[in-house]
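Colleague: Below: one structure in structure tokens.
The values are calculated or read from the model by the stated rules, or taken from the named source; none is laboratory data. Bear in mind the structure is a predicted one, so any value in this text is a computation, not a measurement. Here the Cβ positions follow ideal geometry from the backbone for every residue, glycine too, while neighbour counts run over all protein chains shown.
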Amino acid sequence: MAVPTDRKYTKTHEWVLVDGDVATIGITDYAQNELGDITYVELPGVGDDLGQSDSFGIVESVKAASDIYMPVAGEVTEANGDTEDAPELLNSSPYQDAWLIRVKLSDAAQLDALMDADTYEKYLEEEGGH
Amino acid sequence: MTEPKRTPLAERHEELGARMIDFSGWYMPVQYTGIVDEHNAVRNAAGLFDLGHMGQVDVDGPDALAYLQYMTTNDVSKLAPGDAQYSMLLYPNGGVVDDIIVYRRPTGPGYFVVINAANIDKDVSWLLEHAEARDDLDVSVKHVSDDYGMIAIQGPHAEAIVEELSSVDLADMSAFSCRDTTVAGVASLAARTGYTGEDGWEFYCPIDDTLALWNALLEAGEPHGLQPIGLGARDTLRLEARMPLYGNEISDTINPLEAGLRWVVKLKKGDFIGRDALAAAREVGISRRTVGFKLVERGGVPRSHYDVLVDGKSVGFVTSGTASPTLGENIGIAVIDKEYAGVGRPLEIAIRNRNVKAEQIKLPFYSRN
């Protein structure tokens, strides 16, 4: 699956898509593939104020549990309950249907430090080693 | 760290697209297409497993039977040629050294013992030490893991596949029996045993023929829906069928009585290592029980070593847990204080920072009949 060029990426394999002062956050195709069959998703509540790199939830597969981290700081305005009801969405549509949360950006400058799609792809090549 | 050991199939797994991991010092496939997909293939069609990491020991000599009676918990005297038996090696205190399968060879004298990958060094030392200490017994114990490849085929379509390739009829074999045969030209010991809860075979073949046997089975099996299966699905399959994993359900601190495996322990067969400790424990009463449970609310997946509580008080721990592909439930096995055990009774499982409600359910979680 191609890495979408409309968003930014973290080293811990989250993506963030910004529209005005709203940031939509999810995990990458690489992340879902590494985890395998995802069976459980736990997301923060609306109104939670989270800092950059804070853990904002848990994604669990048959194999293992994994924290997910905020690419940028912000207040949660929406959580995608569909992913909690049907965690396998994260395997099938990590970049679209299985977005996880939306936050109100508190510091847009934090986006500058994140990777664009090209840089993230190169990072995956080094990281993955194959 | 030393390089993990490779079975003769390591490169083949890579070609087949497996994700490889270091498992107990072995470079092994953890999954090919995905754990759930592979799990379902074994339940509904058939799966092929590289078990080259498992260990094998030959036990021969005039006193082989007496030696195995002394070393293992089950009654080896019940084995006719071509029979197999699930059994255990115990420490004198009743803790488990390993769980094993003892095969009485179908032809020729002697026994063939299969041991767990993670315990090979420990088991071999244990078996050799005691063979030496018992100088009243004329027995030969030989570590032969490097001579054998081991491949399992499991699932409802396994029989149709092996029947196409085997030189002798295998369909009439009973569970826990073994037979010498040639499979696709490879001389093999075929055992109707497994670790999935499905019908199937485990083949032991000369190590240099492992790849030929693997390829022949995979090719013949393809029309029957056969898929290669990694260690990830092997674990979910065995857990649903409530087959113990050494280090989880049984260990040096969880004895077979606590693990609910009394049927493997024949206290009346005569002396064996660990017998006195288990007999004494039975006399006093076993204070812990092994139980099955499922989560009855959302909260994640129960996993090994998670705390088990009743009314907020710790009463035991999870030995294994998973998101069961067959049941569609989060399930687990736990060792808990006896007074809290009982099908239908509640437990709480501490998952991260929450106590998640669970209910005890009957074991095994899955049985094919």
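Colleague: Which numbered condition trips up B:I153, out of (1) over 19 Å from B:L51 (Cα atoms); (2) not in a helix (DSSP H, G or I)?
Modeller: Here B:I153 clears every test but (1).
Colleague: Right, something else. Which one is farthest from the other protein chains (Cβ to nearest Cβ) among residues in the stretch B:4-41 that are aliphatic (A, V, I, L, M) and within 21 Å of the chain's Cα centre (by Cα)?
Modeller: B:L9
Colleague: Report yes if some residue within the stretch B:163-175 is in contact (Cβ under 8 Å) with a residue 12 or more places away in the chain and over 25 Å from B:P223 (Cβ atoms); otherwise report no.
Modeller: For the stretch B:163-175, residues in contact (Cβ under 8 Å) with a residue 12 or more places away in the chain and over 25 Å from B:P223 (Cβ atoms): present.
Colleague: Then there's this: Find all pairs meeting these conditions: Cβ atoms under 7 angstrom apart; at least six residues apart or on different chains; first residue within the stretch B:42-70 and part of a loop (DSSP other than H, G, I, E, B); second residue of a type in the set (S, T, N, Q) and buried (at least 18 other Cβ atoms within 10 Å of the Cβ).
Modeller: From the stretch B:42-70, the pairs are B:G52/B:T7; B:G52/B:T210; B:H53/B:T7; B:M54/B:N116.
Colleague: Based on this model, can you work out whether A:Q32 counts as closer than 21 Å to A:A2 by Cα and either surrounded by 22 or more Cβ atoms within 10 Å (Cβ to Cβ) or more than 12 Å from chain B (Cβ to nearest Cβ) (or both)?
Modeller: So A:Q32 fits the description; yes.
Colleague: How many residues does the stretch B:117-131 hold that are surrounded by fewer than 18 Cβ atoms within 10 Å (Cβ to Cβ), in contact (Cβ under 8 Å) with a residue 12 or more places away in the chain and of a type in the set (D, E)?
Modeller: Qualifying residue count, the stretch B:117-131: 0.
Colleague: Shifting gears a bit: Condition first: away from chain A (no Cβ under 14 Å) and either of a type outside the set (A, V, I, L, M, F, W, C) or touching a Phe, Trp or Tyr at 6+ places or on another chain (Cβ under 6 Å) (or both). Now tell me which residues in the stretch B:281-306 satisfy that.
Modeller: If the condition is that a residue be away from chain A (no Cβ under 14 Å) and either of a type outside the set (A, V, I, L, M, F, W, C) or touching a Phe, Trp or Tyr at 6+ places or on another chain (Cβ under 6 Å) (or both), then B:R282, B:E283, B:G285, B:S287, B:R288, B:R289, B:T290, B:G292 are the ones that fit.
Colleague: Which residues, taken from the stretch B:180-227, are part of a loop (DSSP other than H, G, I, E, B), within 20 Å of B:Q56 (Cβ to Cβ) and not polar (S, T, N, Q)?
Modeller: Selection gives B:R192, B:G194, B:Y195.
Colleague: Can you name every residue in the stretch A:1-29 that is under 27 Å from B:T33 (Cβ atoms) and either in contact with a Pro (Cβ under 9 Å, 6 or more places away or on another chain) or within 14 Å of chain B (Cβ to nearest Cβ) (or both)?
Modeller: Of everything in the stretch A:1-29, those that are under 27 Å from B:T33 (Cβ atoms) and either in contact with a Pro (Cβ under 9 Å, 6 or more places away or on another chain) or within 14 Å of chain B (Cβ to nearest Cβ) (or both) turn out to be A:M1, A:Y9, A:T12, A:E14, A:W15, A:G26, A:I27, A:T28, A:D29.
Colleague: Further, regarding this structure: What do you reckon, is A:K63 farther than 19 Å from A:N91 by Cα, in contact (Cβ under 8 Å) with a residue 12 or more places away in the chain and crowded, with 20+ Cβ neighbours inside 10 Å?
Modeller: No; evaluated as a whole, the condition is false for this residue.
Colleague: Outside the structural domain of B:T210 (by TED's automatic domain parsing), in contact with a Leu (Cβ under 6 Å, 6 or more places away or on another chain) and basic (K, R) - does that describe any residue in the stretch B:111-125?
Modeller: Checked against the condition, which is being outside the structural domain of B:T210 (by TED's automatic domain parsing), in contact with a Leu (Cβ under 6 Å, 6 or more places away or on another chain) and basic (K, R), the stretch B:111-125 yields no hits at all.
Colleague: Where residues in the stretch A:35-60 are more than 14 Å from chain B (Cβ to nearest Cβ) and at positive phi, which of them is surrounded by the fewest Cβ atoms within 10 Å (Cβ to Cβ)?
Modeller: A:G47
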